[in-house]
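Everything below concerns the one structure shown next.
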Amino acid sequence: MRTATIFRLCAAVLLCALLSGCGVKRMLGIGPPRPSVKSVSVGADIDANQGNATRLDVVVVYSDAAKNAMPKTGPEWFRDRDALRSMLATDVEVVSLEVPTSSPAFKVKLPRRARSKGLAVFAYANYVAPTGWPVVALTPFEHPTLQLQAAKIAVQDP
């Protein structure tokens, strides 16, 4: 009887140790949801952003606090970007791009830990229109392609 109790205790400790690994948690559906994003592509029409090259930041977020601090529009992001990156430090990683008009779609290299540790992925475009463009939430997509257009951004997930 004593051996069975020790065996159960050891099994419980082993199970706890296994479940503390992120990969195991994700396989079992335990822990915070992760983005589905595996790759991101970006292209631009000839009249994208009123004929101007477009600054675009793809932001990978690693904490709930950072996720809640993310701005709702491109102009807000680009205005506060340096302060946010400083304040949030390792809770965000940013891939900054300059997308010329009439650009065929190309793949964006995401940070290495984006798939395993990321909580959300956002895209911010610096459109010249005063109202800018709202944040593009990429989290639910697997292989989103952002097509920068004259007055909007189209997102497709093939």
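Taken together, the values in this text are just the output of simple stated rules run on the coordinates, not laboratory data. All figures in this text were calculated on a predicted structure; none of them were measured in a lab. Neighbour counts run over all protein chains shown; Cβ positions are idealised from the backbone, glycine included.
7 Å from Cα along Cα→Cβ at both Ala83 and Lys117: what's the point-to-point distance in nm?
So the two model labels end up 2.6 nm from each other.
Compute the distance in nm between two label points, each set 7 Å from the Cα along the Cα-to-Cβ direction, one at Ser102 and one at Ala129.
2.3
Highest first, please rank the peptides 72-84, 138-150, 117-129 by the mean number of other Cβ atoms sitting within 10 Å of their residues. Intermediate results must be reported in sequence, preceding the final value.
Working: 72-84: 16.0, 138-150: 18.3, 117-129: 20.8.
Those peptides, ordered most packed to least, come out 117-129, 138-150, 72-84.
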